Amino acid sequence: MRNEQSRPDINISGVGKASGGTYRHVRVDGVGKFSGDIDCVSYEVNGTSGLQGNLRCERYVVNGSANIQGTVVADEYQVNGSSKVEGGVKTKQTRIDGVSSIREHLETDKLIVNGKATIDGKLIGSCVEVAGGITVGKDVECETIEVQGVFKIKGMLNAGTVDIMLHHRCEVEEIGGEQIQVRRKSKVRLLDQFVPAMTPRLKTHIIEGDDIYLEHTHAGTVRGSRIIIGPGCEIGVVEYSVSYEQDPESQVGRQIQV
């Protein structure tokens, strides 16, 4: 338990510099630069801040622009403006309504993305909700993921439950899970009729799970127990063990019961 009363506050309203240390509340309304690690209760940026060091806090809130040249460990991580972290981030609750860039891994209990998030390393979490856009440089490991935005995952997506509603083009190397569902809104956008390359779809190499339902998915191999291939799919090989259904509009190279 932090002894908050014995810690000083820092509030930069104009242009200022400060060294690292142990503080209670750190707030930047102007332009602030910090050198050294900071341990505080809250780190709030409404202006522009730069930290040459690591940050440990209970609340990290960015309404302006923040640059952290180290790692961030926080209970709550919220970005409404622009945040760039050169190291990794470990949090309990993460919400991105602005623009967030993390050069290494993000480990969090819950992630909500309504803005734009870029993670160069792995994403590890319990619950992931994406209504904006997210790019992950390596694997994604979580219990549940729900997507209504756009994503590009350069590694594998591994989750117990995968629920994707296609509004844009999405890409991932592989998907593994128990319940996997990929759908597209039935309403056709005017842009899709004139620019087929913009049509929402999922592109991946391998999908493997227990119960799989796919729409508008391009995949090399789909492997599972119970598989339903809905409309708009192009699949190379389907391997199923219990049941298989296919929409006549979709293209499947071959089906194999194993």
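The values are calculated or read from the model by the stated rules, or taken from the named source; none is laboratory data. Just so you know, these numbers come straight off a predicted model, no measurement behind them. Cβ coordinates were reconstructed from backbone atoms using ideal geometry, including for glycine residues, and neighbour counts include every protein chain displayed. These area figures cover heavy atoms from the full protein model, side chains too; ligands, DNA and RNA do not enter into them. Shrake-Rupley method; radii C 1.70, N 1.55, O 1.52, S 1.80 Å.
Some observations on this one:
- Tail fraction, Cα-Cα pairs, the chain, threshold 32 Å, whole percent: 34 percent
- Relative contact order (%) - the chain, alpha-carbon pairs under 8 angstrom, separation at least six: 7 percent
- Close amide H pairs (under 5 Å, H built 1.01 Å from N) link residue 102 with 85, 118, 119, 120, residues at least 5 positions away or on another chain.
- Among 209, 102, 230 the positive-end extreme of the charge dipole of the chain (Cβ point charges): 102
- Using only side-chain charges placed at the Cβ, +1 for Lys and Arg and -1 for Asp and Glu, the dipole size of region 23-119 relative to its Cα centre rounds to 120 debye.
- Solvent-accessible area of region 10-86 (1.4 angstrom probe, protein heavy atoms only): carbon and sulfur portion equals 43 percent.
- Summarising the overall dimensions of region 13-63 from its C-alpha atoms, the Rg and Dmax are 9.6, 25 angstrom.
- Charged-residue dipole, Cβ positions (Lys, Arg, Asp, Glu), the chain about Cα centre, Debye nearest 20: 840 debye
- Looking at the chain, the accessible area is 48 square angstrom per residue; that uses a 1.4 Å probe and ignores ligands, DNA and RNA.
- Modelled this way, with points 7 Å down the Cα-to-C-beta line, the labels at residue 241 and residue 19 are 6.3 nm from one another.
- Computed from label points 7 Å out along Cα-Cβ, the spacing between residue 178 and residue 35 is 5.3 nm.
- When Rg and the Kirkwood Rh are both derived from Cα coordinates, the Rg/Rh ratio for region 1-142 amounts to 0.97.
- Fully extending the segment from residue 75 to residue 168, taken as 0.36 nm per residue of separation minus the present Cα-Cα distance, adds 30.3 nm.
- Computed packing ranks the peptides 210-219, 244-253 as 210-219, 244-253, most packed first, by mean other Cβ atoms within 10 Å.
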